[in-house]
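Student: Here it is: the structure, laid out below.
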Amino acid sequence: MHRLMLRKPALIKVVVLGPEGYRSDLRFHPHSPVGLVKRAISLQLAVHPSRIALTRENVELNSSSTLQQAGILDGDFLKVIPRRQGTAPIDWDGKVSDPFGRDIVSEATLLETRWFHRENARDSVIRKNRIRRFLDKRTLPDNQLVAMAFNDGFSLLFANWAESVRRHRIEIADRCLVFPMDDQSERLARELGFFTCYDPDSRILGGTGTSRAFGDRQFLRHIYFQTAVVRDLLDFRVNVLFQDVDLVWLENPLPLLMHGAPDVEFMHDGATRRHGPWCANTGFMYFRDRPATRRFWNIVFSQSEQMLQQRGQQVVVNKILGVVGRAGLDAGILDEEAFVNGHRVGLDRTSSKIPAGPCVIHFSWTRNLQQKYDKYRSNGYWYLDRDPGDEYRLESRDANQT
């Protein structure tokens, strides 16, 4: 009796080099397509395969060719080049669209995004371990979690939100997880009685505490961090309310949100062409624990370089909503009478259009912190006893004064 023995083809090793010191030693069958190699690399870099080019001796390899056809031998060096255009189509249940086809991403932004992704691979593991410990110790009513992130530059706004919650006797601390971005904001959140998830060794968070204006360089780290935190939280199968800190709560919004139906809901940001047709404000977002919700936010996270290039998250989220909202994601806009956004809040009472009995007010639509403080004070929603810029101390006035 003879047994037919087939020799298994030898694998070849390719050494892949890329930006910011990236290196990976990979082994493939000689007949493997170049596209398979690109997919393996894209998984390591957390990017879409179409956003990188694979080259040998400065010549781009055809993705449909095999390594053997491309003349790749064992031990050859290949190089990863981020594509300047950097766009990738969005595929939702077979409906494909590319809302970023004309949005050029610079080489510098692509390199910066790669650095963020590599650092986040480490940070996400630490965050998830701490999130898990937080959730293991409690049962969330209606499986609802409130989360927010802030740095020392926005500490007064967080303290003012916390005071609005205290004054209106809203019990929220036990289901609220705060993601501070520096030592000072970590201390403040704990002093005010909130649970925190903070990683002082994160390189992404380094320098974010100086951000005080929309779109500055430190603010971009803030945006990336927020997007990554939401992605982590959604993996824990909870309903997540993620909000900025420049809000006040006059009533607990969670019961209203609990009875909603969409996969994801946003505060309305006012009718603008830039954010149309959804005009969703990403400073107040509610995510329901559904597979479609996680798919949607994974797409948002995959467009991190667009957020950095466009110096903000909101335009990117709205462009993606314009695709997936038509393709099957159930997205909704919250009632403007209960959830009031900054476009209805003027710098003085006469220009404000705040309805009677709102649940939440968002003090957005400002160019800097000083304008925010002006909006708070002139409309009667600044609850701290000292003017912004001074060392804060919470006052204890009667909540009816509001």
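Student: Which value in Å is the Kirkwood Rh of the range 12-83 over different Cα pairs? It would help to have the intermediate numbers written out before the result.
Tutor: Numbers: mean 1/r = 0.0845 Å⁻¹.
Here the Kirkwood hydrodynamic radius works out to 11.8 Å.
Student: So, one more: In degrees from 0 to 90, rounded to the nearest 10, what is the angle of the helix 314-327 Cα long axis to the longest principal axis of the chain?
Tutor: Taking the Cα atoms of the chain, the angle to 314-327 is about 70 degrees.
Student: Grab the DSSP H runs of the chain that are 4 residues or longer, score each as -39,500 (n - 2.57), total them, divide by all residues and round the 222 nm result to the nearest 500 deg cm²/dmol.
Tutor: On the way: 10 runs with 130 residues, N = 402.
Calculated at 222 nm, the ellipticity per residue is -10000 deg cm²/dmol.
Student: Still on this model: What's the angle, to the nearest 10 degrees (0 to 90), between helix 155-167's Cα axis and the longest principal axis of the chain?
Tutor: Tilt of helix 155-167: around 50 degrees.
Student: As a test, work out the antiparallel percent of DSSP beta bridges whose residues both lie in the range 12-83, rounded to the nearest 5.
Tutor: Antiparallel bridges make up about 75 percent of those DSSP assigns within the range 12-83.
Student: Counting only residues 5 or more places away or on other chains, whose amide H sits under 5 Å from the amide H of GLY346 once H atoms are built in the peptide plane?
Tutor: Residues meeting the amide H criterion: SER352, LYS353.
Student: Measure of size requested: the Rg and Dmax of the chain, with Cα atoms as the atom set and Å as the unit; please supply both.
Tutor: 24.0, 98
Student: With the alpha-carbon atoms as the only input, what is the per residue convex hull volume for the range 120-180 in Å³?
Tutor: On the way: hull volume 5.4 nm³, N = 61.
In the range 120-180, the Cα convex hull volume per residue is 88 Å³.
Student: Nearest 5 percent is fine: what portion of the DSSP beta bridges confined to the chain is antiparallel? All intermediate terms of the calculation are to be shown ahead of the outcome.
Tutor: Numbers: 29 of 49 bridges.
Taking every DSSP beta bridge within the chain, about 60 percent pair in antiparallel fashion.
Student: Report, in degrees rounded to the nearest 10, the 0 to 90 angle that the Cα long axis of helix 34-45 makes with the longest principal axis of the chain.
Tutor: 30
None of the figures in this text is laboratory data; all of them are computed from the coordinates on show. Computed from a predicted model, the values in this text were never measured in an experiment.
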